[in-house]
Amino acid sequence: IYKQMMHFEKKHFRKLLLFVEFLKYYVFEKLLDRRIHAKIFLNPEEMLSLPRNSIHVPHIVNPEITFKEVRETNFYNILFLGTYNHPPNRVSVKFIVDKLLPKLVKTKTNFKLNLVGPDTEKFNEQISHSKYHDFITIRGFVDDINNAFEDMDIALFPILYGGGIKTKIIDAMAAGVPIVTTPQ
């Protein structure tokens, strides 16, 4: 923007000030581009300024999603959203139950992991054998995605294999639910 304004400015001193502002943002963007591991852009033109490790995600967020304010609480509802029938989701839930829940329980944090999505009832077999099954609620399919995000404090979406960014991550961001995911 400053670079464009510079071209239209007629006064030399004002043009110089705009150039200084342009340089500040240019240097900041280049430093940011080197330090951030992944950047998500809804606008492909904005992505051009920070091209390294950038992903363009078309604006595919469900327009029915409503943004919710963060609630103050000492009990955290953690959301995992996904269908049982998708193999990467089964691997993710196994990872959560086997690797993450033991660590969360040790922190003595009050929480409940909520599994939401079609056929999540089928996770019951996998979860019932875990000593952490009391920390998990299977909510199943919900008709309205806002109901999935309604009381959630954190969305947990480990991606252990597969490609690309998942729509459910974008949906959680649109709903204002903080996300914890993996580098993949």
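Taking (1) modelled with pLDDT of 80 or more; (2) more than 28 Å from residue 107 (Cβ to Cβ) in turn, residue 81 satisfies each apart from (2). Across the range 110-121, the qualifying residues are those that are of a type outside the set (Ser, Thr, Tyr) and farther than 16 Å from residue 179 by Cα, and the one among them that is surrounded by the fewest Cβ atoms within 10 Å (Cβ to Cβ) is 110.
For the range 147-160, the set of residues classified as surrounded by 15 or more Cβ atoms within 10 Å (Cβ to Cβ), outside any loop (DSSP other than H, G, I, E, B) and at pLDDT below 90 consists of 148 only.
For the range 1-34, a residue qualifies if it is in a helix (DSSP H, G or I) and either in contact with a strand residue (DSSP E or B) (Cβ under 7 Å, 6 or more places away or on another chain) or of a type in the set (Val, Ile, Thr) (or both), and the qualifying residues are 20, 27. Note on the range 83-130: residues that are out of contact with any strand residue (DSSP E or B) (no Cβ under 7 Å at 6 or more places or on another chain), on the phi > 0 side of the Ramachandran plot and touching a residue at least 12 places away in the same chain (Cβ under 8 Å) amount to 1.
For the subset of the range 1-15 comprising residues that are of a type in the set (Lys, Arg) and open to solvent by 100 Å² or more (accessible area, probe 1.4 Å), which member is nearest to residue 25 (Cα to Cα)? This residue is 3. Which residue is modelled with the highest pLDDT, if the candidates are limited to the range 24-41 and must be open to solvent by 60 Å² or more (accessible area, probe 1.4 Å), of a type in the set (A, V, I, L, M, F, W, C) and over 18 Å from residue 181 (Cβ atoms)? The qualifying residue modelled with the highest pLDDT is 27.
Counting the residues of the range 54-75 that are touching a strand residue (DSSP E or B) at 6+ places or on another chain (Cβ under 9 Å), loosely packed, with under 12 Cβ neighbours inside 10 Å and either modelled with pLDDT under 80 or assigned to a helix (DSSP H, G or I) (or both) gives 1.
The rows are residues; the columns are (1) closer than 22 Å to residue 176 by Cα; (2) crowded, with 16+ Cβ neighbours inside 10 Å.
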residue: 77; (1), (2): yes, yes
residue: 82; (1), (2): yes, yes
residue: 87; (1), (2): no, no
residue: 90; (1), (2): no, yes
residue: 98; (1), (2): no, no
residue: 104; (1), (2): no, yes
residue: 108; (1), (2): no, no
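The values are calculated or read from the model by the stated rules, or taken from the named source; none is laboratory data. Every value quoted in this text rests on a predicted model; they were computed, and no experiment measured them. Counting neighbours? That spans all protein chains shown, and the Cβs are built from the backbone with ideal geometry, glycine included. Just the protein is used for accessible areas: all its heavy atoms, side chains included, with ligands, DNA and RNA removed. Shrake-Rupley method; radii C 1.70, N 1.55, O 1.52, S 1.80 Å.
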